[in-house]
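S.K.: What follows is a single structure, and I will ask about it in a moment.
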Number of protein chains: 2
Amino acid sequence: MSKRHPPVPPAAAPSPAAIAPAETRVDNAVRAITDYIHGQGLKVDDSLPSEARFAEWLGVSRTVIREAFKSLSAIRIIEMRAGRRARVGGFDGSVIALSLTHALRTEQISPQQMWDARRAVERRTVALAASRRSDAEAAHLLALVEQMRDARHDLARMTEHDIAFHVAIANATRNPLFPVLVASLTSAMRETNPMVWRHRRDDEARLDVVRVHEDIARAIAAGDPDAACAALDKHFDLAAQALLTAGFS
Amino acid sequence: MSKRHPPVPPAAAPSPAAIAPAETRVDNAVRAITDYIHGQGLKVDDSLPSEARFAEWLGVSRTVIREAFKSLSAIRIIEMRAGRRARVGGFDGSVIALSLTHALRTEQISPQQMWDARRAVERRTVALAASRRSDAEAAHLLALVEQMRDARHDLARMTEHDIAFHVAIANATRNPLFPVLVASLTSAMRETNPMVWRHRRDDEARLDVVRVHEDIARAIAAGDPDAACAALDKHFDLAAQALLTAGFS
DNA sequence: AGGATAAAACTTGTATGATAGGTTGAATCA
DNA sequence: TGATTCAACCTATCATACAAGTTTTATCCT
């Protein structure tokens, strides 16, 4: 077993670090920056030091810091804009929505599974909304239902009103996490909804959809959590059935 | 109103585009790349063209493509590693967890609100788990409870077992979205848990925590959804009470 | 002094060119 | 056939430069 060239020691049993994808300088920078934000107790809209400053502190090129910033910007931990220093970003569901959309597109989760997660979350939002909603919110929900009824032949508008309706319910819970989750889960399905809707040709079928929403709104307006849950279940059963009809396995 | 130097037309009423932060070339690249992935119907682990190729196609520098790649990599839509071409990324909850952690750290949502979202999701996971769990999963859950009991004086281990327990329940639902959501919501609270745990000094208080988990596991093992939900509610009530004791508003 | 305004200083966005080091597959050798 | 080597390719990082957007400072006019 004579080696001519021993440039590489006999493949020294793959180091444990070789399994995890080696830490890059950008990764370190990302951590350093998040640590900075956390360490300094920065809050939304507070501004960060410039890229150049971080580069100097960490002893890396601005390229590295830029890519780290871009990473953080992608998950909305910071906000970047030309000329201005980066600021700490606000929490919105867009990242979650992107992640879920990607999971759907690449068939890592099915529309049914997404719907089921929505059901889990919304079972709670309707119940909470029924007990916490203000009168204005109740009125708003009923108004949104009317808008859905008017828009039932315009898929785009219908979809927007639908999302607005479910998010409005989530808003009434007074827990900002719920609207974010509902919006994310809902908007991730913007691409599968059209296929389902296409199978509801006749007006009656579309009015059925409007009606289940109306029932939910009424139950919330009446302050009846149980009725709201029941109505929500009807909503989701209808959706599940429609998915099957549309041919989703 | 005479202008000496008219280098700028009278501030022509802020264009609508001026409100939204100007689109950058990186943004365009991000869209182009996601469109490419979607358009080509790429699935997890499929590999993308090189940065240089995209740069050529889009007529921009490699810098721009790199930052676009890094953005997509941050939300796990693609995976990058030195030497290898980028691949389409798998769906895991890390992005959601990061987003939620940031929201908590910057006090955009409170621990209570996070717990309430968990309750919403887990109400469903325990019910589904109770009706769908395999015998192996039931045994695993009970084993995890024992590990929690053993580890009740080691916060770090306790936390990991706790997360593993709730994720294991979510896994038994056969819906991959649930473990992701539960893991995200749970791990986002790694930082607030210690403060709560510190207020459970005596062994009895800690055993109470173990016991509520045991009740959940038993109900799931018994295939009783209602009992599982009831046990879960006890779990969350205990947590809510502990949060108050620990001084969270 | 006060307030509008222009200039300077700073910051991010993008481009170019280089190099080091990781990955892959084809050619090669035992 | 199977292990090895090597060349081609690709990403990670750096240094430098410049355009364009923002903020701060200095300036000027009233």
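S.K.: Going by the structure shown, is residue B:43 in contact with a Ser or Thr (Cβ under 8 Å, 6 or more places away or on another chain), facing chain A (nearest Cβ under 9 Å) and within 14 Å of DNA strand D (Cβ to nearest atom)?
M.R.: Details: in contact with a Ser or Thr (Cβ under 8 Å, 6 or more places away or on another chain): yes; facing chain A (nearest Cβ under 9 Å): yes; within 14 Å of DNA strand D (Cβ to nearest atom): no.
So residue B:43 does not fit the description; no.
S.K.: For residue A:53, indicate whether it is open to solvent by 60 Å² or more (accessible area, probe 1.4 Å) and part of a strand (DSSP E or B).
M.R.: When the stated conditions are applied, residue A:53 does not pass them.
S.K.: I've got another one for you. Of the conditions (1) at pLDDT 95 or above; (2) under 25 Å from residue A:79 (Cβ atoms); (3) more than 8 Å from chain A (Cβ to nearest Cβ), residue B:66 satisfies every one except a single condition; which number is it?
M.R.: Failing condition for residue B:66: (3).
S.K.: Give the number of residues within the stretch B:107-128 that are facing chain A (nearest Cβ under 7 Å) and among the polar types (S, T, N, Q).
M.R.: Result for the stretch B:107-128: 2.
S.K.: If I filter the stretch A:87-106 for residues that are surrounded by 15 or more Cβ atoms within 10 Å (Cβ to Cβ), within 14 Å of DNA strand D (Cβ to nearest atom) and either within 12 Å of chain B (Cβ to nearest Cβ) or not small (Gly, Ala, Ser) (or both), do I get at least one hit?
M.R.: yes
S.K.: On to the next question. So, in the stretch B:166-207, how many residues would count as being of a type in the set (Phe, Trp, Tyr) and at pLDDT 90 or above?
M.R.: Total meeting the criteria: 1.
S.K.: Within the stretch A:132-164, track down each residue that is more than 25 Å from the chain's Cα centre (by Cα) and open to solvent by 70 Å² or more (accessible area, probe 1.4 Å).
M.R.: Across the stretch A:132-164, the qualifying residues are A:135, A:136, A:146, A:150, A:153.
S.K.: Run down A:60, A:26 and say which single residue is within 29 Å of the chain's Cα centre (by Cα) and either assigned to a loop (DSSP other than H, G, I, E, B) or modelled with pLDDT of 95 or more (or both).
M.R.: Sole residue among the options that is within 29 Å of the chain's Cα centre (by Cα) and either assigned to a loop (DSSP other than H, G, I, E, B) or modelled with pLDDT of 95 or more (or both): A:26.
S.K.: Another one. I need a count of the residues in the stretch A:63-82 that are open to solvent by 60 Å² or more (accessible area, probe 1.4 Å), assigned to a helix (DSSP H, G or I) and more than 8 Å from DNA strand C (Cβ to nearest atom). Explain how you work it out, then say what you get.
M.R.: Applying the first criterion (open to solvent by 60 Å² or more (accessible area, probe 1.4 Å)) to the stretch A:63-82 yields A:63, A:66, A:76, A:79, A:81-82.
When the remaining residues are screened for being assigned to a helix (DSSP H, G or I), the result is A:63, A:66.
Add one more test, that the residue is more than 8 Å from DNA strand C (Cβ to nearest atom), and what stays is none.
Total satisfying the criteria: 0.
Condition check ((1) within 22 Å of residue B:96 (Cβ to Cβ); (2) in contact with a strand residue (DSSP E or B) (Cβ under 8 Å, 6 or more places away or on another chain); (3) open to solvent by 30 Å² or more (accessible area, probe 1.4 Å)) across all residues:
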position	(1), (2), (3)
A:171	yes, no, yes
A:181	yes, no, no
A:211	no, no, yes
A:238	no, no, yes
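S.K.: Going by what's in this entry, would residue A:6 be described as in contact with a Lys or Arg (Cβ under 7 Å, 6 or more places away or on another chain) and at pLDDT below 95?
M.R.: Taking the combined requirement at face value, the residue does not satisfy it.
S.K.: Report, ordered by the first and then the second residue, all pairs with beta carbons closer than 6 Å, sequence separation of six or more or different chains, a first member in the stretch B:35-61 that is among the acidic types (Asp, Glu), and a second member that is within 16 Å of DNA strand C (Cβ to nearest atom) and at pLDDT 95 or above.
M.R.: Cβ pairs passing all conditions: B:45/B:87; B:46/B:88; B:51/B:62; B:51/B:65; B:51/B:66.
S.K.: Next question, about the same structure. Need the failing condition index for residue B:31 against (1) open to solvent by less than 30 Å² (accessible area, probe 1.4 Å); (2) assigned to a helix (DSSP H, G or I); (3) free of Cβ contacts under 8 Å to residues at least 40 places away in the same chain; (4) under 30 Å from residue A:170 (Cα atoms), just the number.
M.R.: (1)
S.K.: Mind listing just one residue for me: the one in the stretch A:84-99 that is farther than 14 Å from residue A:48 by Cβ and either assigned to a loop (DSSP other than H, G, I, E, B) or acidic (Asp, Glu) (or both) and, of those, farthest from DNA strand C (Cβ to nearest atom)?
M.R.: A:93
The values are calculated or read from the model by the stated rules, or taken from the named source; none is laboratory data. Since the model is a prediction, treat every value here as computed from it, not as a measurement. We place every Cβ from the backbone using ideal geometry, glycine too, and count neighbours over all the protein chains shown. Calculation scope for accessible area: heavy atoms of the full protein, side chains included, ligands and nucleic acids excluded. Shrake-Rupley method; radii C 1.70, N 1.55, O 1.52, S 1.80 Å.
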